[in-house]
């Protein structure tokens, strides 16, 4: 029989019971800390996450300096994975590829040979096809790593050692930025201009207590690899850098190119950071197909190495600014790029820092690296001076030294005892070559000894003076600034700043919708739909059971509708958002937050510059301007103040000098319109007096033409000014019975 695969029964004495809650908390906390510390958040000092740091260090060990011949990416990934980073090879390669992409990294740390992806969103070629080496920026980050500049720790398998942080002679955290999502926190740092950061750091060296706002004199804002235009206000940018949290509203750069016979086209030359150009073109094409960009005729990508997206207008009469505004609102041609300066302070504590604090972290690290490298150099000088001292003793007593070496079985202890040498000096003398015994060598040693003692004094002076250390750090920062100055191709600022142009909101809204004629249909139960074109005959329309046509009117897809409800509120609706003619439409309450007990009084097209007379069932009302009726939210705008059972009952366009009011008691009163006040909101004044009735309808007409209305058959009826003499009176009169007027007590006039 084969061996049984059944596990043995556990020993009850070796089982430790732990509450599930405690076990989960402990394990999840370990996972969270691991993600925060070792994966997602960058170190504030060198601006790198562990994977990037290990890639750069691994490439250095492979001697892939900027002047070296590039090596296969597969070899680099294998070295990093095997020695430092025990994770997936594809994850390491993706991280390395990003460091090489000049459209993603402002100052690439890896010089890639081959296909490392493009701005369209295409992936890099497989790692066996591409090659890489370090850039000069990466060399600055690694400079001094062999001079005890930083601490080294054991690798994951303790077979070697890796740096805890790089010397970081370049302001990488802000210059290249970082993106990361940890557990319960995230980081989002856009790239910046290195020369500006160095200028701000130099000011911080002179005035250590300077605040973030003071540094904005140099650091204007982010500087993206592919340019773009930041259109945020200076105050918003200052607030973001002070608190460490905010965002930058970034737009594409575009120019208008003139063509033949008055034609023109828009050419986009720069797009916001991290926007994939291929996906952007697809999105614009989708919007064109969905007819959501009525001002745009066509889009095509003519890009080569430089970005060139061509947008053709629908017609030459289109306003280019308005066309671009519609694109900015609906596509990633305008993006909000977040700022969340959440980093590992001193490499240990996750914290959101402001601009000044981030630069202070970098400068403090530079000083610490300087002190460590200086101490390393001091130890080297002292060791060399010790050896040179032994050499000089040997030269002064050369014959005796040779005799001891030739005659003694163990010359080392004898030499040490005879000439009072240290072990280091004795080893140096015994390892000395015969050709070094020439006279000239003695002179060179004395010169070297003199120079080293002079350097040792300078080193000790530097270590003893904090002011000298900061001066040295300042010199280092100035060198970086010169390398990446504003006149250099890599250092020149690419992102500019501007104020977003102000446009009429109504014009912008109209730019999003193709202008087409429609017929708006409302049923008695409040269902609404739109039919294409202007249709007069609606007899063929079908409605839900127990529902029928209430009224219909002509509009356009760009029109805005105003709805007056019985609660005295006006609601605004966009025709473009209403359902099409298929089916029975949708309840109008789907588009506005109207109370259940409220009903529609009137629905009409907003034209502007008109005035309305609105009235409640209790017979009160006033004149209101149309612009005062337009609400901006779904909740509507309260214009006529009513409380149940009182409700808004009627509305009429002010188009004349006389008002006619009719009540449910079939009494009517006619009076001059100048007796009714104009208000923006309120209960109004009494229009007609009732005892046991209520207001039924109002209308405004010109006394010269007389009063007209529509009867139940839809025929036009009317009375002249002379015929109306019996009903003439003043506002708030009870009126007289209206003989000859429709029995419905309605004038039948809809607002057009």
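The values are calculated or read from the model by the stated rules, or taken from the named source; none is laboratory data. Predicted, not measured: the structure shown is a model, and the values here were computed from it. For neighbour counting, all protein chains shown are included, and Cβ atoms are generated from backbone atoms with ideal geometry for every residue, glycine included.
Which of (1) in contact (Cβ under 8 Å) with a residue 40 or more places away in the chain; (2) within 31 Å of the chain's Cα centre (by Cα) does residue 150 not meet, given it meets every other one?
Single failed check for residue 150: (2).
Filter segment 302-316 down to the residues that are in contact with a strand residue (DSSP E or B) (Cβ under 7 Å, 6 or more places away or on another chain) and farther than 15 Å from residue 269 by Cα, then identify the one that is modelled with the highest pLDDT.
313
Just one of 306, 298, 290 is closer than 22 Å to residue 230 by Cβ and exposed (fewer than 15 other Cβ atoms within 10 Å of the Cβ); which is it?
Working: 298 fails: closer than 22 Å to residue 230 by Cβ; 290 fails: closer than 22 Å to residue 230 by Cβ.
None of the other options fit; the residue is 306.
Residues in segment 473-499 that are out of contact with any helix residue (DSSP H, G or I) (no Cβ under 6 Å at 6 or more places or on another chain), farther than 18 Å from residue 223 by Cα and in contact (Cβ under 8 Å) with a residue 60 or more places away in the chain: how many?
2
Please determine whether any residue of segment 333-342 is touching a strand residue (DSSP E or B) at 6+ places or on another chain (Cβ under 6 Å), at pLDDT 90 or above, in a helix (DSSP H, G or I) and under 16 Å from residue 226 (Cβ atoms).
no
Taking segment 693-736, which residues are exposed (fewer than 12 other Cβ atoms within 10 Å of the Cβ) and either within 30 Å of residue 645 (Cβ to Cβ) or not assigned by TED's automatic domain parsing to the domain that holds residue 648 (or both)?
712, 730
Are any of the residues in segment 8-25 more than 16 Å from residue 133 (Cβ to Cβ), out of contact with any strand residue (DSSP E or B) (no Cβ under 8 Å at 6 or more places or on another chain), surrounded by fewer than 17 Cβ atoms within 10 Å (Cβ to Cβ) and touching a residue at least 24 places away in the same chain (Cβ under 8 Å)?
No, segment 8-25 has no match at all.
Check every one of the strands (runs of 3 or more DSSP E) wholly within segment 541-636 and list those with 2 or more residues that are at pLDDT 90 or above and surrounded by 14 or more Cβ atoms within 10 Å (Cβ to Cβ).
Once the strands (runs of 3 or more DSSP E) in segment 541-636 are filtered for at least 2 residues that are at pLDDT 90 or above and surrounded by 14 or more Cβ atoms within 10 Å (Cβ to Cβ), what remains is 560-565, 569-574, 611-616, 620-625.
All but one of (1) closer than 19 Å to residue 363 by Cβ; (2) part of a helix (DSSP H, G or I) hold for residue 138; state the number of the condition that does not hold.
(1)
I'd like to verify a number: residues in segment 235-269 that are closer than 25 Å to residue 339 by Cα, in a helix (DSSP H, G or I), in contact (Cβ under 8 Å) with a residue 12 or more places away in the chain and out of contact with any helix residue (DSSP H, G or I) (no Cβ under 7 Å at 6 or more places or on another chain), how many?
3
Tell me, please, whether a residue that is in a strand (DSSP E or B) and either surrounded by 19 or more Cβ atoms within 10 Å (Cβ to Cβ) or at pLDDT below 90 (or both) can be found in segment 400-413.
There is no residue in segment 400-413 that is in a strand (DSSP E or B) and either surrounded by 19 or more Cβ atoms within 10 Å (Cβ to Cβ) or at pLDDT below 90 (or both).
In contact (Cβ under 8 Å) with a residue 60 or more places away in the chain, under 30 Å from residue 688 (Cα atoms) and over 36 Å from the mean Cα position of the chain (by Cα): which single residue out of 618, 609 fits that description?
Within the list 618, 609, the selection yields 618.
Spot the failing condition for residue 329; the list is (1) at pLDDT 90 or above; (2) under 25 Å from the mean Cα position of the chain (by Cα), and only one is missed.
Unmet condition: (1).
When you scan segment 1-108 for helices (runs of 4 or more DSSP H) that lie fully inside it, which ones turn up with 1 or more residues that are in the same structural domain as residue 145 (by TED's automatic domain parsing) and under 20 Å from residue 165 (Cα atoms)?
It comes to 50-61, 73-83, 89-100.
For segment 343-355, which positions are surrounded by fewer than 17 Cβ atoms within 10 Å (Cβ to Cβ) and either in contact with a helix residue (DSSP H, G or I) (Cβ under 6 Å, 6 or more places away or on another chain) or part of a loop (DSSP other than H, G, I, E, B) (or both)?
346, 348
Out of curiosity, is residue 632 assigned by TED's automatic domain parsing to the domain that holds residue 692, under 38 Å from the mean Cα position of the chain (by Cα), in contact (Cβ under 8 Å) with a residue 40 or more places away in the chain and farther than 18 Å from residue 650 by Cβ?
Considered against the rule, which asks whether it is assigned by TED's automatic domain parsing to the domain that holds residue 692, under 38 Å from the mean Cα position of the chain (by Cα), in contact (Cβ under 8 Å) with a residue 40 or more places away in the chain and farther than 18 Å from residue 650 by Cβ, residue 632 comes out as yes.
Does segment 272-282 contain at least one residue that is surrounded by 19 or more Cβ atoms within 10 Å (Cβ to Cβ) and part of a helix (DSSP H, G or I)?
Yes.
Only one of these conditions is not met by residue 102: (1) touching a residue at least 24 places away in the same chain (Cβ under 8 Å); (2) within 27 Å of residue 495 (Cβ to Cβ); (3) in contact with a helix residue (DSSP H, G or I) (Cβ under 6 Å, 6 or more places away or on another chain). Which number is it?
Failing condition for residue 102: (3).
Check segment 41-60 and report whether any residue there is surrounded by fewer than 17 Cβ atoms within 10 Å (Cβ to Cβ) and either touching a helix residue (DSSP H, G or I) at 6+ places or on another chain (Cβ under 7 Å) or free of Cβ contacts under 8 Å to residues at least 24 places away in the same chain (or both).
For segment 41-60, residues surrounded by fewer than 17 Cβ atoms within 10 Å (Cβ to Cβ) and either touching a helix residue (DSSP H, G or I) at 6+ places or on another chain (Cβ under 7 Å) or free of Cβ contacts under 8 Å to residues at least 24 places away in the same chain (or both): absent.
In segment 376-393, what count of residues is obtained for those that are under 23 Å from residue 433 (Cβ atoms) and out of contact with any helix residue (DSSP H, G or I) (no Cβ under 8 Å at 6 or more places or on another chain)?
Summing the residues that are under 23 Å from residue 433 (Cβ atoms) and out of contact with any helix residue (DSSP H, G or I) (no Cβ under 8 Å at 6 or more places or on another chain) in segment 376-393 gives 1.
Could you grab me the full set of residues in segment 365-399 that are more than 30 Å from residue 469 (Cβ to Cβ) and in a helix (DSSP H, G or I)?
Those that are more than 30 Å from residue 469 (Cβ to Cβ) and in a helix (DSSP H, G or I): 390, 391, 392, 393, 394, 395, 396, 398, 399.
Would you check if there is a residue in segment 155-166 being crowded, with 24+ Cβ neighbours inside 10 Å and either within 20 Å of the chain's Cα centre (by Cα) or assigned to a strand (DSSP E or B) (or both)?
No, every residue in segment 155-166 fails to be crowded, with 24+ Cβ neighbours inside 10 Å and either within 20 Å of the chain's Cα centre (by Cα) or assigned to a strand (DSSP E or B) (or both).
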